[in-house]
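Heads up: the structure comes next, in structure tokens.
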Amino acid sequence: MPTRRALLPLLASTLVAPASAVAGLPRVERVEVKKRARVLELIVEDRVVWSCRVALGRRPEGHKVREGDGRTPEGRYELSDFVPNSYYYKAIRISYPNEQDRERARRLGVRPGGDIMIHGLDPAIARQFRRDHWLFNWTRGCIAVTDEEMDILWASVVPGTPIDIHP
């Protein structure tokens with residue numbers, strides 16, 4: 001039986017690992033989101049060990065500036081709180097807004113917004129569209145994954161895990 005460490009190169013080379021393989025991984029060191037590619041990646045020892053497609057806010061281009069702008073923030077944040085009974089299956093809160101975001105909003109005279117999360121799917125999405133939910137941006141600024149993918153994230157990260165959200 002190979003060790004967890006021995007599995008990492010194999011998992012990294014396949015990019016998308018089945019849930020059963022991910023369950024045995026060491027704790028994820030960092031989460032990366034690439035908005036343009038609509039991809040979320042789990043990073044261990046600077047290697048992508050798992051990835052999935054994501055849906056973003058309805059206006060994904062650019063950094064979130066104010067409440068209600070429909071944008072997904074960009075920058076370095078942390079995964080802060082786990083919400084087991086979210087409307088969207090499960091959710092993990094992202095530490096947006098940070099001090100820079102609050103200062104930018106103050107200068108502009110707007111509210112920065114908040115409650116940005118990685119979450120599962122809206123239960124209103126019909127079964128036949130759930131697998132391809134990432135083909136359209138339907139959140140209010142959050143990062144959405146399937147419920148099965150949310151289970152993988154839930155088991156792989158802890159509060160305080162850094163998340164880098166790139167354009």
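Brief remarks on what is shown
- Whole-angstrom Cα spans of the stretch 114-167 along principal axes, big to small: 35, 24, 19
- Crossing angle, helix 147-156 versus the chain [Cα axis fit, 0-90 degrees, rounded to tens]: 80 degrees
- Viscosity 0.692 mPa s, 37 °C: Kirkwood-radius Stokes-Einstein D of the stretch 33-107 over Cα pairs, µm²/s: 234 µm²/s
- Beta bridges by DSSP in the chain, antiparallel share as percent, to the nearest 5: 75 percent
- Between ARG130 and ASP46, the modelled labels are 3.9 nm apart [label points 7 Å from Cα along Cα→Cβ].
- Helix 4-14 axis versus longest C-alpha principal axis of the chain: approximately 70°, rounded to the nearest ten.
- Long-range tail of P(r) for the chain (Cα pairs > 27 Å, %): 23 percent
- Crossing angle, helix 99-108 versus the chain [Cα axis fit, 0-90 degrees, rounded to tens]: 30 degrees
- Treating each Cα of the stretch 78-146 as an identical point scatterer and summing with the Debye formula, the log10 of I(q)/I(0) at q = 0.12, 0.13, 0.21 Å⁻¹ comes to -0.39, -0.45, -0.88.
- The longest part of the chain holding none of the exposed loop chymotrypsin sites (Phe, Trp or Tyr not before Pro), meaning those outside H, G, I, E and B in DSSP with at most 15 other Cβ atoms within 10 Å, is 1-86.
Read-outs: derived from the displayed coordinates by stated rules, not from any lab. Model, not experiment: these values are computed from the prediction. Virtual Cβ from ideal backbone geometry, glycine too; neighbours counted across all protein chains shown.
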